[in-house]
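Read the structure below first, then the notes.
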Amino acid sequence: MAKLKILILLNLIIVLSPRIMHGNDAAPILWEYADFGIKEPRIRYVALSPLDSDLIFASSLKSIYISSDNGKQWREASSPGNAGNEITFLILSPNDKKIIYAGTRNGFYMSKNSGSEWDLIFNGNGNMEYSVFSAAVAPHDEELIFLGTGTGLFKTDDGGMKWAKVLSSKPEDYVSAISVNHLNPDVIYAAAGKEIFRSTDSGVTWKVIYSSGILPSAGEDEAGVFSENAPDETLIDIRDWKKIRAISLTPADADVVYAATSRGLIKSVDKGETWNDISGYGLINDIRSVVANPADADVIYVAAKGGVFISSKISGRWENLYKGLASSEINYLAIDSRNDNDAFTLWAATENGLYKSRFVSGSDSGKAGNMKAECYLDYFDNEPSIHDIQEAAVRYAEVHPEKISGWRKSAARKAWLPDLRVDFGEGKDWQSSTYFYSTSSEKYKDDDLTNGRDKNWSVSLTWNLGDMIWNADQTSIDTRSRLMVQLRDEVLNDVTRLYYERRRLQLEMLIRPPQDMWEKIEKELRLEELTADIDALTDYSLSKNRTSVDAKNKQQNCLDGESE
């Protein structure tokens, strides 16, 4: 119990402190649930208005949501296209806060009234061209738009009235990312399949600056550097590197380019002429999105299948920013530095909601009040511990280690058990004969009839001595145990994230109770939702095992003792 309270105390200190420092790095460590009013859990995209610090758009697969108070409340906008249309991304105008663009499977849409009405401005000429996967609006010219589709890159210089294809791609290598240099808008980057292209004349001509199918040989001094001018004999084929997912430019340095791939993260400091693999230790390969710290190009945040990661200058590795984040499936990241570069908010669109984390550089908050933090833990003494919840989840999912041990013991005992065979047989027979004999005085005839009934049985016991050394069932058990361990890890990861998100929400409502009634109702509903999620994974272990401990008085006594 003491170790458990120390663990929860560390989490509570994190609640009271909004940041952690990595040398000169600034890393948000606590996520806040920020999709009150959004009806769907799976959020695919989040877009921030560069003109209004309170205006934010988010999208699921089918719907678009708007917040005009920096994510406190959300309302649903109309959806572009028909009801079955899938939304792939959102872009907000750099010059008019009411203009929003939406990429979909059935074309590219524009709204001039914040999503109330939509106009189709690109629909392509075929099934693959209908699908729009990326876009970029030039910051200096609202009429100049680049559009990435399933068959190539399109460009318009009149706001979508006329389109021209400026770069072709194979159907399987759709244009997945486009980024415009904010200091020199004539420089544009685009990714299609395994390649990155660059244009320095506003999209008129394009040059391949990276191909993920080639890498320098292992003997090179600068392993991981990519250059199209490198001699052919220094290149090797890396077949497991796959498509480019995203391209990101940093506000702090226009020469720095990041590219997220399905196999890692690469970086260029010379506008894409050479590249370094910076995935490093601790970063899961499946990268979906990358954003840079607005004040420091070397501090970057990455969205991956395993969570949100930050690069640490001190440890030289990547760290998972999981605290408060109830989902490990991160679809997109956006960084908000619209007020100033010293304060920013990191937004994460996940498979289980929308989250944000606020950071103020150089803040010393969180140092005060830590002496009394442990008193708040007494408030939850009436609830099961994380160990109890994890144990209940493992038992309910039937993935506890004892089950594997039972399989192995049963397989070992099986070798000592013989194969038992019992045979039983039954038969009937009969025989008939006639005998004749005679004497001088008499003749005689004798008929003989014989009936028979036979029964036999046998019992045999056989052992396979080889099974006592190695049982073939062990191979099957090894396979099943690996699958069970993977499933158990997933169950424990899910229930642990839910448990601590729920505890942080409880602490937030206890320490900083919401003043707005609607916000209070939303947080109460979120608390009930998290409780139901945990109960669903543990056979109602959380709700059924609450006790009647007077935790509130116990907590107050602790606080009174501290004040004395």
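What follows draws every value from the coordinates through simple rules; no lab data is involved. A quick note: this is a predicted structure, and the numbers were derived from the prediction, not measured. No Cβ is skipped: glycine too gets one built from the backbone with ideal geometry, and neighbour counts run over all protein chains shown.
Of all chymotrypsin sites (Phe, Trp or Tyr not before Pro) in the range 250-312, which ones are in loop regions per DSSP and have a Cβ with at most 10 other Cβ atoms within 10 Å? Mind showing how you got there, number by number?
On the way: sites: 258, 275, 281, 301, 309; in loops: 281.
Loop-located and lightly packed - 281.
Given the peptides 187-196, 88-97, arrange them by the average over their residues of other C-beta atoms within 10 Å, most packed first. Show your work: numbers first, answer last.
Details: 187-196: 23.8, 88-97: 18.0.
Final packing ranking: 187-196, 88-97.
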Taking the highest mean first, how do the peptides 321-332, 37-48 order by number of other beta carbon atoms within 10 angstrom per residue? 321-332, 37-48
Sorted by Cβ neighbour density within 10 Å, fewest at the top, the residues 497, 526: 526, 497
Separation in nanometres of the label points that stand 7 Å from Cα toward Cβ, at residue 182 and residue 535: 4.7 nm
If 128, 517 are placed from fewest to most neighbouring beta carbons inside 10 Å, the sequence is 517, 128
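Provide 453, 395 in ascending order of the number of other Cβ atoms located within 10 Å of each residue's Cβ, fewest first. Kindly include the intermediate steps, with their values, before the conclusion.
Working: 453 9, 395 15.
With the sparsest Cβ surroundings first, the list reads 453, 395.
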